[in-house]
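Have a look at the structure below, then the notes.
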Amino acid sequence: MLSREQIRGHLADLGVRQGDTVMVHSSLSSLGFVVGGAHTCIQALLDSVGQSGTLVVPAFSPAVLESEAGEATSDDANPGAAVFDPATTPTSLGAIPEAFRTWAGVVRSAHPHVSVCAKGVNAAEIVAPHGLAWGQGAGSPFERLHEMDARLLLLGVGFNRATLLHYAEFRVPHGRR
């Protein structure tokens with residue numbers, strides 16, 4: 001059983017400090033029983049980066065389709081697809097990202113597939129703009145996180161969930177585009 005204080009202690013052991021900008025990929029179920037669930041995890045993360053830091057969480061929404069004009073749209077051939085609205089479109093990345101998306105003061109980037117949510121001193125700068133061309137490349141929140149020397153925290157997940165690595169792929173010659 002994990003409490004907010006225990007999670008903060010583990011985050012401190014991992015080197016998360018006041019003033020850090022941290023992108024977190026997470027799996028609540030991997031942590032075992034957390035008293036208060038996703039909200040406790042988020043509060044411990046916010047406590048750890050403090051008022052001078054920024055917490056960033058991916059909020060991808062792969063069920064949303066994009067029109068050729070670059071606008072988020074639903075597809076008549078795919079009635080399950082939704083129109084993207086940064087304020088209301090849920091993320092499918094788990095309990096912690098979904099709870100963070102709706103947390104007071106959180107802002108979300110406008111990319112219909114690979115948006116990120118952020119809260120803290122650098123939140124507005126991180127999330128906007130977020131162009132449609134390659135949502136994890138140049139001009140994206142992922143590039144700004146790199147420029148800010150942000151930390152990457154994998155909380156109960158492996159490196160195969162570290163979407164920040166897609167920015168590295170973008171930077172290498174002949175890398176993923």
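Brief remarks follow.
- Test for His25: is it open to solvent by less than 30 Å² (accessible area, probe 1.4 Å) and either touching a residue at least 12 places away in the same chain (Cβ under 8 Å) or touching a strand residue (DSSP E or B) at 6+ places or on another chain (Cβ under 6 Å) (or both): yes
- Checking Ser140 against (1) among the small types (Gly, Ala, Ser); (2) within 22 Å of Ser27 (Cα to Cα); (3) touching a helix residue (DSSP H, G or I) at 6+ places or on another chain (Cβ under 8 Å), the condition it does not meet: (2)
- Listed conditions (1) open to solvent by less than 50 Å² (accessible area, probe 1.4 Å); (2) in a helix (DSSP H, G or I) are all met by Glu5, apart from (1).
- If you filter the stretch 82-109 down to residues that are touching a Cys at 6+ places or on another chain (Cβ under 9 Å) and open to solvent by less than 20 Å² (accessible area, probe 1.4 Å), you find that the one that is modelled with the lowest pLDDT is Thr91.
- Selection status of Pro112, open to solvent by 40 Å² or more (accessible area, probe 1.4 Å), farther than 17 Å from Thr21 by Cβ, modelled with pLDDT under 95 and assigned to a loop (DSSP other than H, G, I, E, B): no
- Remark: pairs (first residue in the stretch 38-65, over 13 Å from Thr102 (Cα atoms) and modelled with pLDDT of 95 or more; second residue open to solvent by less than 40 Å² (accessible area, probe 1.4 Å) and acidic (Asp, Glu); Cβ separation under 6 Å; 6+ apart in sequence or on different chains) = Val49/Asp20; Gly53/Asp20.
- Filtering the stretch 12-22 to residues that are free of Cβ contacts under 8 Å to residues at least 60 places away in the same chain and within 12 Å of Leu155 (Cα to Cα) leaves nothing.
- Cβ separations smaller than 7 Å between residues 6+ apart or across chains give the following pairs from the stretch 148-177 residues that are modelled with pLDDT of 75 or more to residues that are open to solvent by 50 Å² or more (accessible area, probe 1.4 Å) and not in a loop (DSSP other than H, G, I, E, B): Leu154/Arg161; Gly156/Ser30; Val157/Ser30; Ala162/Leu152.
- Test: residue in the stretch 32-47 that is of a type in the set (A, V, I, L, M, F, W, C) and part of a strand (DSSP E or B): yes
The values are calculated or read from the model by the stated rules, or taken from the named source; none is laboratory data. Here the structure is a predicted model, which means the values were calculated and not measured. Cβ atoms come from the backbone with ideal geometry, glycine included; neighbour counts cover every protein chain shown. The protein model used for the area step is the full one, side chains on, heavy atoms only, and it has no ligands, DNA or RNA in it. Shrake-Rupley method; radii C 1.70, N 1.55, O 1.52, S 1.80 Å.
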